[in-house]
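S.K.: Can you read through this structure? Questions will come right after.
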Amino acid sequence: MTTAVKAGLIQTKTGYNKQENIDKAISFIEKGANQGVQVFALQELFFSPYFAAEQDNKWFEWAEPIPGPTISTMQEVAKKLKVVLVVPIFEEVNRGVYYNTTAVIDADGEILGLYRKNHIPHLKGFWEKFYFKPGNLGYPVFNTAYCKIGVYTCYDRHFPEGARILGLNGAEIVFNPSATVDSLSKYLWELEQPAHAVANMYYVGAINRVGKEMDESPFFGTSYFVNPKGQFLSKGSYDQEEIVIADLNLDMITETRKLWQFYRDRRPETYDELIELLP
């Protein structure tokens, strides 16, 4: 296992043509691969507009199985370029059963597994319960060719419990694919995830899209990487399509955990109230 990884976050504008959105993402992956990027993460629901801004049955037509056309294409890209891909799509499992799902594809093209978004928001502009069931696969960590990856999708970041489980499961980099607009939660964007990185002593890559869709507030980009000390390594612009790249020294995880013994000093036997106090 290598101790240094070059990773990239792809933030783009998303239109109403699925194939154009896919082709655009692939063009950025190819560009990044030419710069030596080994691991790429795409934004939440990368091949579609953020359709949960409204409640309309027409969007179910965009869902795909896994494996399916888009993920199979991304498997070919990963294998050809020898890169790891974190690919969030609208997944159809059965008729009427849908998830907000991210596939993790290894550098040989193999699907290592899926993360299904666990925390599903339902409020004005984010009507996700209309479309998605809550995730049922827990908080897996994927042992890729270059590093151990966890995924925590958008709204998940407001909940510290899953972020901790990803750390306990061995994640070295946690990616948070998002569709976050310039309104209610913007002030939390650069607060919560650096805090997760510090509390759990791993890298975080936060990906957000750019541009305005469906007459909602614009998405504000500013995708970024932070290290296990919560320090920003690189950050994207507010409104430009781009790859945000950072060199991640995985040895820093060990160094930080020797300094801050949060895992040693945990007291899980005292946390029963987390379950007992369920409303």
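Every number here is computed from the coordinates shown, using simple stated rules; none is lab data. Remember, it's a predicted structure, so these values are computed and weren't measured experimentally. Methodologically, a virtual Cβ is constructed for each residue, glycine included, from the backbone with ideal geometry; neighbour enumeration extends over all protein chains shown.
S.K.: Connecting C-alpha atoms closer than 10 Å in a GNM of the chain, tell me which of 81, 188, 166 has the biggest fluctuation.
M.R.: Maximum among the listed residues: 188.
S.K.: What does the charge count around residue 217 come to, taking other residues whose C-beta lies under 15 Å from its C-beta (Lys +1, Arg +1, Asp -1, Glu -1)?
M.R.: So the surrounding residues net to -1.
S.K.: Over region 4-276, what is the relative contact order in whole percent, taking alpha-carbon pairs under 8 Å and six or more residues apart?
M.R.: 19 percent
S.K.: All other residues with a Cβ under 13 Å from the Cβ of residue 127 taken together, and with Lys, Arg as +1 and Asp, Glu as -1, what is their net charge?
M.R.: Net local charge, residue 127 excluded: -2.
S.K.: Report the Cα centroid-to-centroid distance between region 86-101 and region 207-226 in angstrom, as an integer.
M.R.: 22 Å
S.K.: Continuing with the same structure: Between beta-carbons, use under 12 Å as the cut-off and find the net charge around residue 31, counting Lys and Arg +1, Asp and Glu -1.
M.R.: Combined, the nearby Lys, Arg, Asp and Glu give -2.
S.K.: Only Cα pairs within less than 10 Å get springs; with that Gaussian network setup on the chain, which residue of 122, 196, 158 has the largest fluctuation?
M.R.: Residue with maximal mean-square fluctuation among 122, 196, 158: 122.
S.K.: Then there is this: Restricting things to alpha carbons, find the Rg to Rh ratio for the chain using the Kirkwood radius for Rh.
M.R.: When Rh is taken as the Kirkwood radius, the ratio is 0.95.
S.K.: A further question follows. Count neighbours as other Cβ atoms within 10 Å of each site's Cβ, and list the trypsin sites (Lys or Arg not before Pro) in region 30-117 that are DSSP loop with at most 16 such neighbours.
M.R.: Here the trypsin sites (Lys or Arg not before Pro) that fit, given the DSSP loop and packing criteria, are 82, 95.
S.K.: Remind me, relative contact order of region 30-176 in percent, using alpha carbon pairs under 8 angstrom and six or more residues apart?
M.R.: With pairs under 8 Å counted, the relative contact order is 20 percent.
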